[in-house]
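Q: To start, I am sharing the structure in question, which I have written as structure tokens.
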Amino acid sequence: MSRYIVSIVLTAIALSGCASYQPMPLTDQAVAERLSGPDMKDIRIKASQIKHPILKSIEFNDRDGLSPDEAAILAVLVNPRLRAIRDGQAIANSQLIQAKLLPNPQLSYSMDFPTGGNTDGTVNAFGLGLDWDVSSLIAHQQRIDTAKAHTDSVNLEIAWQEWQVAEAAKLGIYRLVIAKKRLVLAKQIKAEREKALKATTNAVEIGERNSLDLSVSNNAVEQAKLILLKASDKEHQEQFALNSILGLSAGKVIPLQQDISLPLWQNIDSAAKAASGIENRRLDLLALKAGYQSQEAKVRAAVKSQFPRINIGLASQRDTDDLKTTGFGVGIELPFFDQNQGRIAIERATRQQLFDEYTLRLFDAQSKIASISSSLQYTRDQIGTIKASIPTLNHMIHSYEVAVKTGNADILSYYHILDDLYKKKFELLELENRQAQLSIAFEITSGRYLPNSNRTVKKEITK
């Protein structure tokens, strides 16, 4: 009977899978290659082929500098955190493949040897059996439905993460643009105050100004230097933050497009309109819906799994008297104690949890839209008020300049008015920064791009 054993072993080997082990060592070189900077030629190709529920493919041209939309696509393609998140997609696809597979039949073989008693005329006995778990068919479709819905949920959750990273990259561009404007204004302040110090020094030498005026001018220059240092540091920090989002090394600098305008976002939908249909638009809510459908299929599978386990099999045997028999067998599990109550209860409780989580997420989204919309309107009103006040301050400064030259005003009062103007300009930049943050938050929360004004914001805020 040894040939039967050999045949069974060879059959099992022939029917087994052909997957083989492929090593993937975690070496310094492998990590360094993954963390190396992106190949821009490759990025240009992928940017034109990107597929996303919200983001659209673009013609990526970094040669003229990085635009907000290009930064968004670059972040999606390069960000290391997204690469790690996308690995979940391969896992979900693998789980779907596994769910479609039926359990393997079981082939068994046994042999008995007469070893005592009256062994005259006896032969070696053997048994050959083939069994299969028929009950696996009962919930097979539900397991497939579960895996499909889970795959959809994972894909939507990945798209949601990509959308947030893309929006963060756009905001990073806007924040860096504002930081550069702040730096230009700080340099302007320093240059003007150094010029004023030089004029005051000359005036003191010829007796037209006194030492108090000179001290005030010196102090103004020192303050301007501190303002410039803070503005320079802020620009560096915004550049580092943008590089982190884009997946670039801290020291790498990709030039921005010239004259990037800060969108004015004047035509934003009302909170009620923006919240309408959000459950069919926001990717995280769609992911939760798909996750709920996956859990619904799990509940159905758990209920169906109450059916007793059934095994059927075929058997061929020969006893020691050389009597051969062929037949079949059926094995049925008797559900006296375990009727799958625990699993059903767990799956139902999980379904309820997902339902409540979905409703909570939807409620939070609607509330945040209303809150952000209100804050955005308030910020726009503040921007309008400050812009309206700047011409008045400019007129006052011009008047004080004339008065100082004619000796009808002291230089200290002039610097107080000038400080008020610069404070307004810096405050305006901070409000524009806040408007950009709120607008990006509104885009993320509402799940759509905002209509941006085509009007251009000047590169510098002039007097």
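Q: Would you pick out the residues in region 413-433 that are among the hydroxyl-bearing types (Ser, Thr, Tyr) and either surrounded by fewer than 20 Cβ atoms within 10 Å (Cβ to Cβ) or more than 15 Å from residue 208 (Cβ to Cβ) (or both)? Reasoning before the result, please.
A: Applying the first criterion (among the hydroxyl-bearing types (Ser, Thr, Tyr)) to region 413-433 yields 413-415, 422.
Of everything in region 413-433, those that are among the hydroxyl-bearing types (Ser, Thr, Tyr) and either surrounded by fewer than 20 Cβ atoms within 10 Å (Cβ to Cβ) or more than 15 Å from residue 208 (Cβ to Cβ) (or both) turn out to be 413, 415, 422.
Q: Out of 54, 73, report the one residue that is farther than 30 Å from residue 136 by Cα, in a loop (DSSP other than H, G, I, E, B), modelled with pLDDT of 85 or more and of a type outside the set (D, E, K, R). Show your work before the answer.
A: Values: 73 fails: in a loop (DSSP other than H, G, I, E, B).
Just one listed residue meets the conditions, 54.
Q: Would it be correct to say that residue 357 is open to solvent by less than 70 Å² (accessible area, probe 1.4 Å), touching a helix residue (DSSP H, G or I) at 6+ places or on another chain (Cβ under 7 Å) and in a helix (DSSP H, G or I)? Outline the logic, then answer.
A: Numbers: open to solvent by less than 70 Å² (accessible area, probe 1.4 Å): no; touching a helix residue (DSSP H, G or I) at 6+ places or on another chain (Cβ under 7 Å): yes; in a helix (DSSP H, G or I): yes.
Spelling it out, it is not the case that residue 357 is open to solvent by less than 70 Å² (accessible area, probe 1.4 Å), touching a helix residue (DSSP H, G or I) at 6+ places or on another chain (Cβ under 7 Å) and in a helix (DSSP H, G or I).
Q: Filter region 388-412 down to the residues that are part of a helix (DSSP H, G or I), open to solvent by 50 Å² or more (accessible area, probe 1.4 Å) and not hydrophobic (A, V, I, L, M, F, W, C) and list them by number.
A: Of all residues in region 388-412, those part of a helix (DSSP H, G or I) come to 388-405, 411-412.
Retained after the next criterion (residues that are open to solvent by 50 Å² or more (accessible area, probe 1.4 Å)): 388, 391-392, 395-396, 398-402, 405, 412.
Scanning region 388-412 gives 391, 392, 395, 398, 399, 400, 401, 405.
Q: Name the single residue that is surrounded by the most Cβ atoms within 10 Å (Cβ to Cβ) among those in region 306-326 being under 29 Å from residue 140 (Cβ atoms) and of a type in the set (S, T, N, Q).
A: Within region 306-326, the subset under 29 Å from residue 140 (Cβ atoms) is 306-316.
Checking which are of a type in the set (S, T, N, Q) leaves us with 306, 311, 316.
Working: 306: 15, 311: 17, 316: 14.
Out of the qualifying residues, it is 311.
Q: A further question on this structure: When region 15-31 is examined, which residues are found to be modelled with pLDDT under 75 and either among the polar types (S, T, N, Q) or assigned to a helix (DSSP H, G or I) (or both)?
A: Initially, region 15-31 is screened for residues modelled with pLDDT under 75, giving 15-21.
Within region 15-31, 15, 16, 20 qualify.
Q: Please verify whether region 335-342 includes one or more residues that are in contact (Cβ under 8 Å) with a residue 60 or more places away in the chain and open to solvent by 80 Å² or more (accessible area, probe 1.4 Å). First the steps, then the outcome.
A: Our first condition is that a residue be in contact (Cβ under 8 Å) with a residue 60 or more places away in the chain; within region 335-342, this holds for none.
No, the conditions are met nowhere in region 335-342.
Q: Right, residue 84: assigned to a helix (DSSP H, G or I) and under 17 Å from the mean Cα position of the chain (by Cα) or not?
A: Values: assigned to a helix (DSSP H, G or I): yes; under 17 Å from the mean Cα position of the chain (by Cα): yes.
Considered against the rule, which asks whether it is assigned to a helix (DSSP H, G or I) and under 17 Å from the mean Cα position of the chain (by Cα), residue 84 comes out as yes.
Q: Additional query: Note down all Cβ pairs under 6 Å where the first residue falls in region 100-111 and is of a type in the set (S, T, N, Q), the second is surrounded by fewer than 13 Cβ atoms within 10 Å (Cβ to Cβ) and modelled with pLDDT under 90, and they're at least six residues apart or on different chains.
A: No pair meets every condition.
Matching residues to (1) farther than 25 Å from residue 76 by Cα; (2) open to solvent by 80 Å² or more (accessible area, probe 1.4 Å); (3) not in a loop (DSSP other than H, G, I, E, B); (4) not aromatic (Phe, Trp, Tyr):
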site: 204; (1), (2), (3), (4): yes, no, yes, yes
site: 212; (1), (2), (3), (4): yes, yes, yes, yes
site: 221; (1), (2), (3), (4): yes, no, yes, yes
site: 228; (1), (2), (3), (4): yes, no, yes, yes
site: 251; (1), (2), (3), (4): no, no, no, yes
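Q: While we're on this one: Which residue, of 72, 125, 90, 84, is farther than 30 Å from residue 317 by Cα, open to solvent by less than 30 Å² (accessible area, probe 1.4 Å) and among the hydrophobic types (A, V, I, L, M, F, W, C)?
A: On the way: 125 fails: farther than 30 Å from residue 317 by Cα; 90 fails: open to solvent by less than 30 Å² (accessible area, probe 1.4 Å); 84 fails: open to solvent by less than 30 Å² (accessible area, probe 1.4 Å).
Only one candidate passes the filter, namely 72.
Q: While we're here: Return the pairs, sorted by first residue and then second, in which the second residue is open to solvent by 40 Å² or more (accessible area, probe 1.4 Å) and part of a loop (DSSP other than H, G, I, E, B), the first residue lies in region 403-423 and is closer than 17 Å to residue 217 by Cβ and touching a residue at least 60 places away in the same chain (Cβ under 8 Å), the beta carbons are less than 8 Å apart, and the residues are 6+ apart or on different chains.
A: Filtered contacts from region 403-423: 411/209.
Q: If you take the residues of region 280-305 that are among the aliphatic types (A, V, I, L, M) and farther than 30 Å from residue 447 by Cβ, which of them is surrounded by the fewest Cβ atoms within 10 Å (Cβ to Cβ)?
A: At the first step, the residues of region 280-305 found to be among the aliphatic types (A, V, I, L, M) are 283, 285-288, 290, 297, 299, 301-303.
Those left that are additionally farther than 30 Å from residue 447 by Cβ: 301-303.
Working: 301: 22, 302: 20, 303: 16.
The qualifying residue surrounded by the fewest Cβ atoms within 10 Å (Cβ to Cβ) is 303.
Q: Another question about this same structure. Out of the residues in region 253-280 meeting the condition of being assigned to a helix (DSSP H, G or I) and touching a residue at least 40 places away in the same chain (Cβ under 8 Å), tell me which one is farthest from residue 68 (Cα to Cα). Talk me through it step by step, then tell me what you get.
A: Just the residues of region 253-280 that are assigned to a helix (DSSP H, G or I), to begin with: 271-275, 278-280.
From the residues that got through so far, the ones that are touching a residue at least 40 places away in the same chain (Cβ under 8 Å) too are 271, 274-275, 278-279.
Numbers: 271: 25, 274: 23, 275: 25, 278: 25, 279: 27 Å.
Once the filter is applied, the top-ranked residue is 279.
Q: I'd like to check something: does region 395-416 contain any residue that is at pLDDT below 90 and under 30 Å from residue 437 (Cβ atoms)?
A: Looking through region 395-416, none of the residues is at pLDDT below 90 and under 30 Å from residue 437 (Cβ atoms).
The values are calculated or read from the model by the stated rules, or taken from the named source; none is laboratory data. Keep in mind that this is a model prediction, so the values were computed, not measured. Using ideal geometry, Cβ is built from the backbone for each residue, glycine included, and neighbour counts are taken over all protein chains shown. Heads up: the accessible areas ignore ligands, DNA and RNA and are worked out on the full protein's heavy atoms, side chains in. Shrake-Rupley method; radii C 1.70, N 1.55, O 1.52, S 1.80 Å.
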